[in-house]
Amino acid sequence: MITKNEFVMLYDRSGLTILPLAKNSKRPKFSNWTQIAKDELLNGFNDGDNIGIRIELPLFVIDVDDARLGRLIEDAAPSTWIVKTRRGLHFYFRAKDYYPKTNKRSRLIQLLAEGCQVVAPPSRVDGHEYRFLVNPRETPIAELDENSVKFLEAIIEAVAKHEKIILEFSRHWNEGHRHNLSLWMNGALRKSGIPRFEAAVIVKSICLLAGDPELNDRLRALDDTYKKPFDQIAAWSKLREELSLIVGHEGAGRLLALLPSPPVDHEHLDHEHREEHQEKKSRRYLLGGEILGGRYLVEIVEVDGAPKLLVYDPETGGLGIHEAFEHDGVAYQPYPDLPFKLPGAPERIDVDPTLWRDTVEFIGEYYDNPRGEEVYHVMTAGVAWSYFYRDVKASTPFLLYLGPWRSGKTRALEVMAALCHRAMAIVDPSEASIFRLIEELRPTLIIDEAQIMDKNVRAIMAAAYRYGMKVPRVIDPEEEGLDGIRWYNVFSFIIYASREEPPNDIFSRSITIHCEKNTRPTRKLIDEERAKQLRTRWLAQRIRLHGRLKITFDEFASEDGRLQELFSPLLVMAQTFGDEEAAQAILRYGRLVEQEIHSMEATSDDALILEAMLAAINSGQNDAPEYVTVREIVERLNEGLEKEAYTPAYVGRRLSALGFRRKRIHGGHVAYIVDMDLLQRLASRYNMTMDMVLA
């Protein structure tokens, strides 16, 4: 058995740069690991560290996220080092005369080149030990010439380009349908204008993910299809029929919409193919916010009262307005009936120095809040965040307008709906609708009367703040295993109003704005044309900074990690688009919320229970006892009350939630073990002193 030190020596002798990683982690121990010298990194390795490899020329690694796709690389390259990761495989190669670029466009397969790092055997992460599938002492790292490297690059790029097709069709590549699906899919791929090489990667990937035992037959059939005369190939209608048997007519349409449609000479199409082509092209709608070909940013805007495609090319800096936009053989059109207001088409995307202040003034004209400008700056930061939060890929705060009836909550939501990106105002959404709305339309959700929402909707809201969070739903109960399940992305920026304080799982994710009845007159009817102009200006800033904003969650300094999550994005918005006054307003409001949270925590049941526990620990003893009974804590809590407010069952549940371990003692009584480290942390959290316990 090879020891960890022997692995270190193996990597060093193989000319690789060893990167010390934190224990049970993929994270490098040194923040500047890309600049540290090789010898210094090696000297920084300690017992217990995980081992990483810093990728440097000529080394590159192909990271296959799903081990079932390993054959895509194994069949295309000579024997080399292969490492089993938690879900997939790492293939190590050396480039001989051509070095590739990093390609992380696909989550299925990625090419990691200089500047990246990988976890190496025998590291352990979350219980999984990375291990070699070959003997690294007997099998060298394969050295590849330019053609071989470019061939691997082409495979990875094809997977990235057609990832949605591969994933969706592999879920429905069922036994009993595979043969026909393969035949009609081959025809559809060819008629879509997809090159034969890319089609082979698509079909091979689908078969590998679906466990199709007849992979070689599928590839031979694909080869035959690409050799046939074009008019002898069956495609769309046959593929639709077969898919309808599996997922129904609607599901078949959704799957067919993933396949591109090439430009076609309609004069030379027969009637059936003309109908198929027109139906296929009509389904290529865009909702806005898409990136086409990894290059063009496409938004939907309103021009002369109708939705049009705004296409931005970052390489040329050009903006174009299109009824439809053709790219890579696909004709894209704007979705014709969107449930939210569109911006106009910006003429320029330069820095807009007055946009923040103009937005603050607009909000103040239509909504009154007793905290005045601080609240308007927070709301303006929320408007800005709505244009960027999906691209930043960071957890998002919610905005909560909390107050009694007729306190201005609905007016606040109306103002935000007029300004935010893709703002969709709704009331009392059902569980079945809310995750579909988020998945399909990617809106900024504006929810009024949130206190009446179903608990299942609230559960989805509690998950929606975290980037990448998904909920599974059964879409076909007759399907076996995972084939009948669809995963919905619920990540969303949510702005909501409530007459009651929501449950903690949502409340803790929200920045609360307390509402009161107007103290000064405000304008009644919102000027929609002026609001549209502000939306247009914010859209221009979204295009200008698309993909360039970063949130580290260190921007808002606080010992409370959740507060850092909530306020850091808004502070970045103020620092990017506002001025020092705007940033200070966000900071002041954040400190106010911080004080309110500490005040609430100090008077919460958990704080009172902890205080009673501390008093029980200190009652007439110099040394802390091993445990404290629930009965003693309950007696102290209820002391002086006319009616018992605390029960043993409730107190026990709260102690368990705080992290204390339960113990049953003589007489059948329930007690909790005194954990001094835990007590110290909790006392600090609730601003209590431990002196009486530690004395």
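Kindly provide the set of residues from region 211-221 that are part of a helix (DSSP H, G or I) and buried (at least 20 other Cβ atoms within 10 Å of the Cβ), ordered by number.
Of everything in region 211-221, just one residue is part of a helix (DSSP H, G or I) and buried (at least 20 other Cβ atoms within 10 Å of the Cβ), namely 218.
Report yes if some residue within region 96-110 is basic (Lys, Arg), touching a Pro at 6+ places or on another chain (Cβ under 9 Å) and on the phi < 0 side of the Ramachandran plot; otherwise report no.
Looking for residues that are basic (Lys, Arg), touching a Pro at 6+ places or on another chain (Cβ under 9 Å) and on the phi < 0 side of the Ramachandran plot, one finds at least one in region 96-110, hence yes.
Within region 434-444, identify whether any single residue is in a loop (DSSP other than H, G, I, E, B) and hydrophobic (A, V, I, L, M, F, W, C), and answer yes or no.
Checked region 434-444: no residue is in a loop (DSSP other than H, G, I, E, B) and hydrophobic (A, V, I, L, M, F, W, C).
Quick one: which residue in 71, 27, 86 is in the same structural domain as residue 141 (by TED's automatic domain parsing) and at pLDDT 95 or above?
Unique residue meeting the criteria: 71.
Quick one: residue 204 ticks every box in (1) more than 21 Å from residue 60 (Cα to Cα); (2) of a type in the set (D, E, K, R); (3) without any contact (Cβ under 8 Å) to a residue 60 or more places away in the chain except a single one, so which number is it?
Of the numbered conditions (1) more than 21 Å from residue 60 (Cα to Cα); (2) of a type in the set (D, E, K, R); (3) without any contact (Cβ under 8 Å) to a residue 60 or more places away in the chain, the odd one out for residue 204 is (3).
Filter region 292-331 down to residues that are surrounded by 12 or more Cβ atoms within 10 Å (Cβ to Cβ), assigned to a strand (DSSP E or B) and at pLDDT 85 or above, then give me how many there are.
Result for region 292-331: 20.
Residue under question is residue 62, and the condition is that it be in contact with a helix residue (DSSP H, G or I) (Cβ under 6 Å, 6 or more places away or on another chain) and part of a strand (DSSP E or B); does it hold?
Yes.
Only one of these is of a type in the set (Gly, Ala, Ser) and over 30 Å from residue 240 (Cβ atoms): 148, 170. Name it.
From the options 148, 170, the qualifying one is 148.
Any chance you could count how many residues in region 109-142 are free of Cβ contacts under 8 Å to residues at least 60 places away in the same chain and of a type outside the set (Val, Ile, Thr)?
Of the residues in that region, 14 qualify.
Could you give every pair whose Cβ atoms fall below 8 Å, whose first residue belongs to region 422-440 and is touching a residue at least 12 places away in the same chain (Cβ under 8 Å), and whose second residue is basic (Lys, Arg) and surrounded by fewer than 21 Cβ atoms within 10 Å (Cβ to Cβ), counting only separations of at least 6 or pairs across chains?
422/442; 423/341; 435/473
Considering only region 99-158, state which residues are among the aromatic types (Phe, Trp, Tyr), closer than 23 Å to residue 34 by Cβ and surrounded by fewer than 19 Cβ atoms within 10 Å (Cβ to Cβ).
Answer for region 99-158, where residues must be among the aromatic types (Phe, Trp, Tyr), closer than 23 Å to residue 34 by Cβ and surrounded by fewer than 19 Cβ atoms within 10 Å (Cβ to Cβ): just 99.
Out of curiosity, is residue 498 farther than 30 Å from residue 164 by Cα, buried (at least 18 other Cβ atoms within 10 Å of the Cβ), at pLDDT 85 or above and not hydrophobic (A, V, I, L, M, F, W, C)?
Here the answer is yes, as residue 498 does meet what is asked.
Go through 208, 189, 183 for me and flag whichever is at pLDDT 90 or above, more than 16 Å from residue 233 (Cβ to Cβ) and part of a helix (DSSP H, G or I).
Of the residues listed, the single one that is at pLDDT 90 or above, more than 16 Å from residue 233 (Cβ to Cβ) and part of a helix (DSSP H, G or I) is 208.
Since residue 483 meets every condition but one in (1) within 30 Å of residue 245 (Cβ to Cβ); (2) modelled with pLDDT of 90 or more, which condition does it not meet?
(2)
Residues of region 1-55 being among the aliphatic types (A, V, I, L, M), closer than 23 Å to residue 128 by Cβ and in a helix (DSSP H, G or I), which ones?
Answer for region 1-55, where residues must be among the aliphatic types (A, V, I, L, M), closer than 23 Å to residue 128 by Cβ and in a helix (DSSP H, G or I): 8, 10.
Exactly one condition in (1) crowded, with 21+ Cβ neighbours inside 10 Å; (2) under 24 Å from the mean Cα position of the chain (by Cα); (3) farther than 16 Å from residue 593 by Cα; (4) not charged (D, E, K, R) is not met by residue 546; state its number.
Here residue 546 clears every test but (1).
Would you mind stating whether residue 683 is at pLDDT below 85 and surrounded by 15 or more Cβ atoms within 10 Å (Cβ to Cβ)?
Spelling it out, residue 683 is indeed at pLDDT below 85 and surrounded by 15 or more Cβ atoms within 10 Å (Cβ to Cβ).
For the structure I just gave you, tell me whether residue 421 is within 20 Å of residue 587 (Cα to Cα) and buried (at least 18 other Cβ atoms within 10 Å of the Cβ).
No, not satisfied.
Determine the pairs where a residue that is farther than 13 Å from residue 613 by Cα and outside the structural domain of residue 679 (by TED's automatic domain parsing), located within region 629-658, has a partner that is buried (at least 18 other Cβ atoms within 10 Å of the Cβ) and of a type in the set (Lys, Arg) with Cβ atoms under 9 Å apart, the partner being 6 or more residues away or on another chain.
Note: no pairs meet the criteria.
Would you please name the residue that is surrounded by the fewest Cβ atoms within 10 Å (Cβ to Cβ), looking only at residues in region 348-386 that are more than 31 Å from the chain's Cα centre (by Cα) and assigned to a loop (DSSP other than H, G, I, E, B)?
Looking at residues that are more than 31 Å from the chain's Cα centre (by Cα) and assigned to a loop (DSSP other than H, G, I, E, B), I get 354.
Might you check whether a residue that is under 13 Å from residue 377 (Cβ atoms), crowded, with 21+ Cβ neighbours inside 10 Å and not polar (S, T, N, Q) occurs anywhere in region 557-566?
For region 557-566, residues under 13 Å from residue 377 (Cβ atoms), crowded, with 21+ Cβ neighbours inside 10 Å and not polar (S, T, N, Q): absent.
Tell me which residues, restricted to region 485-509, are charged (D, E, K, R) and part of a loop (DSSP other than H, G, I, E, B).
Listed by number, the residues that qualify are 499, 500, 501, 509.
Just to verify a result, which residue in region 625-673, among those that are of a type in the set (Gly, Ala, Ser) and surrounded by 14 or more Cβ atoms within 10 Å (Cβ to Cβ), is farthest from residue 607 (Cα to Cα)?
Selected residue: 671.
On the basis of being at pLDDT 75 or above, in a strand (DSSP E or B), under 29 Å from the mean Cα position of the chain (by Cα) and not polar (S, T, N, Q), does residue 250 make the cut?
No; evaluated as a whole, the condition is false for this residue.
Can you say whether residue 457 is free of Cβ contacts under 8 Å to residues at least 40 places away in the same chain and of a type outside the set (D, E, K, R), as far as the supplied structure shows?
yes
Please work out which residue is nearest to residue 147 (Cα to Cα), limiting yourself to region 65-84 and to residues that are more than 26 Å from the chain's Cα centre (by Cα) and surrounded by fewer than 17 Cβ atoms within 10 Å (Cβ to Cβ).
76
For (1) farther than 18 Å from residue 511 by Cβ; (2) among the hydroxyl-bearing types (Ser, Thr, Tyr); (3) surrounded by 24 or more Cβ atoms within 10 Å (Cβ to Cβ), each residue gets a yes or a no:
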site: 388; (1), (2), (3): no, no, yes
site: 408; (1), (2), (3): no, no, no
site: 428; (1), (2), (3): yes, no, no
site: 436; (1), (2), (3): yes, no, no
site: 439; (1), (2), (3): yes, no, no
site: 455; (1), (2), (3): yes, no, no
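The values are calculated or read from the model by the stated rules, or taken from the named source; none is laboratory data. Please read all numbers here as calculations on a predicted model, not as lab measurements. Cβ: placed from backbone, ideal geometry, glycine included. Neighbour counts: every protein chain shown.
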